[in-house]
Amino acid sequence: MTREEWFRMAAILGAGTMLPKGLLAEMITADNGLKASDFGKDFIWGTATAAYQIEGGWNADGKGESIWDHFSHRPGKIARHETADVAADFYHKYESDIALMKQMNIPAFRFSVGWSRILPNGIGQVNQKGIDFYNRVIDTSLKNGIDPWLTCYHWDLPQALQQKGGWTNRDILGWFEEYVALCAKSFGDRVKNWMVFNEPMAFTALGYLVGSNAPGKFGYHNFFAAAHHATMCHGVGGRTLRRLLPAAANIGTTFSVSHVEAFKNLSKNEETRRRCDALFNRLFIEPTLGLGYPYRDLPALKHIYKFILPGDEALMPFDFDFIGLQNYFRVIVKNFPLIPMVHAINESPKKLGHPVTAMGWEVYPEGIYDILKQFSQYKGIKNIIVTENGTAFPDKVENGAVHDPQRTEYIQSYLKQVLRAKHDGINVNGYFVWSFIDNFEWDSGYRPRFGIVYNDVADEKRIIKDSGKWFADFLKK
């Protein structure tokens, strides 16, 4: 069998598949022709994490309760009743974890600040111990030659603010400004690269429309209110950072994006494709660029105008230095009139016979090229960074090692498409692997493993997976 055939077989049989002697080592060290230097000397390489997913210390040293602390402690909300009370214990292990990043040649570390760790009630009294923790993370990163990339909001709203309505309450514009200003004043003297949000579509839709994520709210009214206020906070956060940070600060934000295709390219599914593209990919980026909400392709968005006040549309745009795109899979849709808003049903990759990850997501590397090309056509986007891309497979420890050839192949194949985009003139200039370490994967708990470093939840032991070893070697070339 060829190397490629063995990868396919491993994907079918699962982690731990036995391979012929010598082939596994060849697969791990092979770079399929890829070198970091192929992307240019200024291309940014890193790994990404999120505060709630890795830190633990959920109530340590004055930290307040977040919506995810509250949500995960409610029965039946998280798979296997798991919580991130300890997570990967980064709160106590940050020094050794950052040293491990240095060992793996990782130049940039994307992390988020836990809002309730530095403002336990969301506003008002500052928790200095929380500020001190992030100062230590930043200083330790810089000491190890690693550039910190800070995300202001990665889904963990303080529960005290949720009790006032959270993202459905327009007052969040002021709450968010106060929080972002505190971040800028506390960390802006050393952090040069900033992101306002992580995936506003995800935290508004999953948290306020379908209720599968914190805070577990349902309904279109909740969603449209949360979506508009999050859109407004792009401008609020961006302007606050621009006002308070040094002139050289690099300010961006991130979006979850998926290339959307019509099932079998049938004309009856094309309108459905446009609706889904407007919802999944365009809802937040277009008002941020001054183009307004894409209601022409998604008529249901007319309901968002109930929450727009005079002057809002002038305040929604912000001139970001870069846009972060986070891609994991494509979406194939067909018309299904009984589904409100988008009238769509997603065709199952398994049903189509396509390979999938442990999350059930299709492996389709060309999708990242397609979505990079789509976003490159917006004139207002100056620079694109892939701020998340990665995959989950059922990793196992065998003789002290974690062999994950599927993940290695996944990263390689997606990087090839990023390089293809760069060669085609698309202004993509960075790539962050999701994730540095196995973490708490929201409502799915700990079973999905996205890390290039294995974390044993029982004893918090770290093991660099074969994919992490490949990435470390790749970054040297």
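Nothing in this text is a laboratory measurement; each read-out follows from the coordinates by a stated rule. Since we're looking at a predicted model, the values are computed, not measured. Cβ: placed from backbone, ideal geometry, glycine included. Neighbour counts: every protein chain shown.
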Using the basic label-point model (7 angstrom from Cα toward the beta carbon), what is the LYS306 to GLN163 distance in nanometres?
2.7
Quick one: of LYS382/LYS469; LYS93/LYS129; LYS102/LYS469, which pairs are farther than 24 Å apart, Cα to Cα?
LYS382/LYS469
Given H placed on each backbone N at 1.01 Å, which residues far from ASN213 in sequence or on other chains put an amide H within less than 5 Å of it?
GLY207
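Between ASP321 and HIS73, take the C-beta separation as r, use R0 = 41 Å, and let me know the FRET efficiency to the nearest 0.05. Before the final figure, lay out the partial values.
Numbers: r = 38 Å, r/R0 = 0.93.
It comes out at approximately 0.60.
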Please compute the length gained on full extension between ASP38 and SER96, using 0.36 nm multiplied by the number of residues separating them and subtracting their Cα-Cα distance.
17.8 nm
Treating cross-link reach as a plain straight distance, find the aspartates and glutamates whose alpha-carbon is under 18 Å from the alpha-carbon of LYS63, omitting any fewer than eight places away in the same chain.
GLU55, ASP85, ASP89, ASP132, ASP156, GLU178
Just to confirm the filter: which trypsin sites (Lys or Arg not before Pro) across the range 263-317 are DSSP coil and have at most 16 other Cβ within 10 angstrom of their Cβ?
ARG296
Note down the nm distance, to one decimal, between modelled labels 7 Å out along Cα→Cβ at VAL397 and at ASN383.
4.0
DSSP beta bridges in the range 42-475, what fraction antiparallel, as a percent rounded to 5?
20
Kindly write out, for the range 311-328 in residue order, the coupling ³J(HN,Hα) from the Karplus curve 6.51 cos²θ - 1.76 cosθ + 1.60 (θ = phi - 60°), rounded to whole Hz, with x marking Gly and Pro.
x, 4, 5, 7, 9, 5, x, 8, 8, 6, 6, 8, 10, x, 10, 10, 10, 10
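Quick one: length gained pulling LEU338 to ARG296 fully straight, 0.36 nm per residue minus the C-alpha distance?
Working: separation 42, 0.36 × 42 = 15.12 nm, distance 2.04 nm.
Working it through step by step, the gained length comes to 13.1 nm.
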Let's test the formula: R0 of 22 Å, r as the Cβ-Cβ distance of GLU270 and LYS373. What FRET efficiency results, to the nearest 0.05?
0.75
Residues of the range 78-119 with amide N under 12 Å of a point placed 7 Å along Cα→Cβ from ASN59:
85
Run the reach check for LYS351 against aspartates and glutamates, Cα to Cα strictly under 12 Å, same-chain hits fewer than 8 apart removed. What comes back?
GLU362
So how many Å³ per residue does the convex hull of the Cα atoms of the range 42-475 work out to?
139
Estimated 222 nm signal from helices in the chain, with DSSP H stretches of n ≥ 4 weighted -39500 (n - 2.57), rounded to 500:
-11000 deg cm²/dmol
Once amide H atoms are placed 1.01 Å from N in the peptide plane, what residues at a sequence separation of 5 or more from TRP149, or on another chain, have their amide H within under 5 Å of its amide H?
PHE109, ARG110, PHE111
The set of residues whose placed amide H lies less than 5 Å from the amide H of VAL433, leaving out same-chain residues fewer than 5 positions away, is GLY46, THR47, ALA48
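Based on the Kirkwood radius over alpha-carbon pairs, what is the Stokes-Einstein translational diffusion coefficient of the range 340-405 at 10 °C with 1.306 mPa s viscosity, in µm²/s? Mind dumping the intermediate values first?
Details: Rh = 15.4 Å.
D, rounded to a whole number, is 103 µm²/s.
Which trypsin sites (Lys or Arg not before Pro) in the range 418-469 sit in a loop by DSSP (not H, G, I, E or B) and have at most 13 other Cβ atoms within 10 Å of their own Cβ?
Details: sites: ARG420, LYS422, ARG449, LYS461, ARG462, LYS465, LYS469; in loops: ARG449, LYS461, LYS465.
Passing sites in the range 418-469 are LYS461.
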